[in-house]
Structures are given as C-alpha cells and as structure tokens.
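Read-outs: derived from the displayed coordinates by stated rules, not from any lab. The structure presented is a predicted model; accordingly, all values stated were derived computationally and were not measured. Quick reminder, even Gly has a Cβ in these numbers, built from the backbone with ideal geometry, and neighbours come from all protein chains shown.
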Amino acid sequence: MINFGPAGFCEQFTENFKKSEQMPMWLKEHSLSAYEISFTNGITYGDEKCKLLGRLFAENNISVSVHAPYYINFANPNPEMIQKSIGYIINSLKKMKLLEATRLVFHPGALMKQSREQAQSAIISNLKLLLQKIDEENLNFNFYLCPETMGKHGQCGTVEEVAQMCSLDNRIIPTLDFGHINSFNGGTLKSEADYVAVFDTLKKYLGDRYNLVHIHFSKIEYGAKGEIRHLNFDSDPLNYGPDFAPLAKVLKKLNISANVISESNGHQTIDAAAMQQMYNNA
C-alpha cells in the first residue's frame, strides 16, 4: 500500500482555509490519502482536538503520521536530556493514539562534538531505553517509530545508521528523506540504481522488513556541510535534485509499502499530487 500527501499547511491551503479540521476534506478533494502533522516546535493539540481530527481523517481515508519535536536528541550525553527526549516521544505517541495516526517521525540526534560512532552508539542505547518506557506505559496501539535520515553532516542519520536503529525492534521503521540523503552525499541520487542501493542497505539490516518504510521527499539545496534549504519541484535553479521519477519506478518494482510525504517549500500539496501521478504512470 502506498499513500501520497503533504506535511503541514501548504500555500494553497492557507490561501483558502485557516483550520486544521478543514485539512481532511481538502486532501480528499485533491485525491491524496496521507498527511503528516507537525509537532516539530512542540505539541500544541489538546486531546479533544486530536480526537476530532482523528475521526475526520479516518472518515476521509487519510493515513496520518506525526513529526515529533525537533529538540529530541538521543545522542545527548546528558542523561537528564535523554529523559526529556523520551518524554517527548511518549507524549507524541499519546496524541497519536487519539489522532488514529500510525507513524511517528523523529530526528535521531546531533553529534554534539562526539564522533559519529560515539553518537550512534548512544542513540542505539537510548532507543532501547525508549522501547522499555513504551512498554511500561502500555502504549500497545498500532504504530511505528520512524527515525529519519538526516541531511547535515553534524547529525546522525545516514541510511546505514537509521537501518541499524530500525534493526532493534519491529516497531521501528525508517523514514527515508531522499532530499536529505541526496544533500548529505552531495547529490548522489540520480538513477534508479542509486535509489535501489538505498533499499539494498535496508535489506542488509532488516531482511524482509526492508520494504516497509516512511518517505519524505523534496528537492533540497545543499553545500559542503549538507542540507541548506528546501525547494519545490518548479524551483530548483541549479538542479540540486533529487528527481522523483526514477524513485517512482523503484517503489513500484520493489513493491514498497510507504506513506510518501511532500516537504516541498510551500508547494506540498502540488508536489504530492505530482509524485502520485508519476508513481501511477511508472
């Protein structure tokens, strides 16, 4: 199963609407079936609003994901800060249950002057603590934790690093942000073979689970240290990429199950619809 949709409010939506309760019908009218709610700057939805939105998204057959707060960092060497990161995840999951959402995206962590190996080791250890806390809280609804591939060199989150995180538990699946992957590596995603190599890395660590993923996609400007800023499909002056067309073919060939979320700059709905059309035509 594959679904396409935007993250957050695009320019088209905000020109016509103001309330998040209007988003499910907006998506249905645009023949889209996925949406990502942003808690990146904090969890701002109350319980009753979450219940209402959950019902509206379900009525319109929209598959919902949530992006957890940006200030999560499972590589932080301070135990107190790790407990705060765990708390942000737990609180996000509790809202997700009310929203009837199934995927929680989060940034794994920043290096904070550690080596990549030290930071990755800390993330793995602290994700184990998170899983223990989830079990203690009896959060047993249907959800996936989705650590994201990152675009800046000062962050943990290469494809291999995220695959290692996901190998800890069946409740963890990758968020493959292909704009980030392309930016981190200086523009390496060009052909179908380049995209297949990403899934081959997942297969190495996850076996048959490699084809269940969450996807973010946008064109992104990058420099020597990786990601600089998000672009949209018709605003990519130096062809930073990546292009979705070869990925569409790979997703179909490999029978990938995913929510494909557009994070284009202001054009999320437009570009989500364009990706869906490319996939249907692949």
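Per the Cα gyration tensor, region 1-76 maps to an equivalent ellipsoid with semi-axes of 22, 14, 13 Å, ordered largest to smallest. If you wrap the tightest convex hull around every Cα atom of region 135-175 and split its volume per residue, you get 78 Å³.
Given all pairs of different Cα atoms, what value in angstroms does the Kirkwood hydrodynamic radius of region 172-243 take?
Roughly 12.8 Å, rounded to one decimal.
Net length available on complete extension from Lys204 to Leu139 is 20.5 nm, with 0.36 nm assigned per residue and the Cα-Cα distance removed.
For region 212-275, trypsin sites (Lys or Arg not before Pro) are listed when DSSP marks them as loop and at most 14 other Cβ atoms sit within 10 Å of their Cβ; the list is Lys225. For region 237-251 and region 49-87, write down the distance between their C-alpha centroids in whole Å. With region 237-251 and region 49-87 each reduced to a Cα centre, they are spaced 28 Å. Restricting the calculation to alpha carbons of the chain gives Rg and Dmax of 17.8, 50 angstrom. Each residue of region 156-282 gets 99 Å³ once the volume of the Cα convex hull is shared out per residue.
List the residues of region 80-97 whose backbone N lies under 13 Å from a point placed 7 Å from the Cα of Gln132 along the Cα-to-Cβ direction. Hits in region 80-97 for Gln132 at 13 Å: 83.
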